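Notes for the one structure printed next.
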Amino acid sequence: DVAPDAGTLEAGETEDLTLTLDTAGLEAGVYSASVVIDTDAPRGGRLTVPVRLVVTPYLRSVNVGGDAYTDGSDEPWAEDQAFDGSWGYEYESRSVRVRRDIAATEDDPLYQDARVGRTYAYRFDDLPSGTYEVELHFAEIQRRQPTERLFDVTADAQPLLVGYDVAEDVGLDRAVVHRFTVEVTDGLLRIRFLN
């Protein structure tokens, strides 16, 4: 559903459209659609906006390095934990925390805590086979300047980010989100962070 589904704008005006998707009854998988906007503007015509929806049979949001948290959309984030046979972090790492405001988010607590180490991973076991969306939230909270912290992120053998530098990408104390689609076929997803 798109709202509003009709309207009139004067030259130079803008209006946000809200897209609502209902996943009730959908099988796990990737769904594609388009929102088509018709206009009678002299140079307008038709604008097509692609929409991609990933429906997964499993959802786990983790406040890495931090406590349980409910975000502004009422979504719960689990407290960080070591791997317990179901999910959690593996290998040598430690959590760090700041209390400074984080730009580009209303959910500062998700970005004020982090986990750091040479190499560590988050492991998720007993996942149903299927397509998953992995959403990674970052902020450079340790005041590392561009080129001082570069790291790779993989999902099993699939590279997600290579030589990524949060400070170079968005600056210090500023939130950024990256989304990736991964396939799970063996019940295990391990997201590795390599410095």
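The values are calculated or read from the model by the stated rules, or taken from the named source; none is laboratory data. Quantities reported herein were computed from a predicted structural model and do not represent experimental measurements. We place every Cβ from the backbone using ideal geometry, glycine too, and count neighbours over all the protein chains shown. We work out accessible area using only protein heavy atoms, side chains counted, and drop any ligands, DNA or RNA first. Shrake-Rupley method; radii C 1.70, N 1.55, O 1.52, S 1.80 Å.
Brief remarks follow.
- Whether region 63-137 is rounded, prolate or oblate, judged on the alpha carbon gyration tensor where a/c under 1.5 counts as rounded: oblate
- For region 18-155, the direction-averaged projected area of the alpha-carbon convex hull comes to 12.3 nm².
- Under the combined filter of DSSP loop state and at most 13 neighbouring Cβ atoms within 10 Å, region 131-195 retains these GluC sites (Glu not before Pro): E148.
- Region 31-85 - convex hull of alpha carbons, volume per residue in Å³: 148 Å³
- Spatial extent of region 1-71: Rg and Dmax, with the Cα atoms as the point set, Å: 17.9, 54
- Normalised per residue, the accessible area of the chain is 62 Å², obtained with a 1.4 Å probe and no contribution from ligands, DNA or RNA.
- Rg/Rg_ref, region 112-161, where Rg_ref = 2.2 N^0.38 Å and atoms are Cα: 1.39
- Sulfur and carbon atoms: percent of accessible area, region 8-118 [1.4 Å]: 47 percent
- Alpha-carbon centroids, region 48-85 and region 114-163: separation in whole Å: 14 Å
- For R99, R115, the ranking by accessible surface with the largest value first comes to R99, R115, using a 1.4 Å probe.
- A simple count of charges around L150, restricted to other residues whose Cβ falls under 14 Å of its Cβ and scoring Lys, Arg +1 and Asp, Glu -1, yields -3.
- One quarter of the surface of the convex hull around the alpha-carbon atoms of region 111-195 equals 5.4 nm², the direction-averaged projected area.
- Sites listed here are GluC sites (Glu not before Pro) in region 13-117 whose DSSP assignment is loop and whose Cβ has at most 14 other Cβ atoms within 10 Å: E13, E15, E27, E92, E106.
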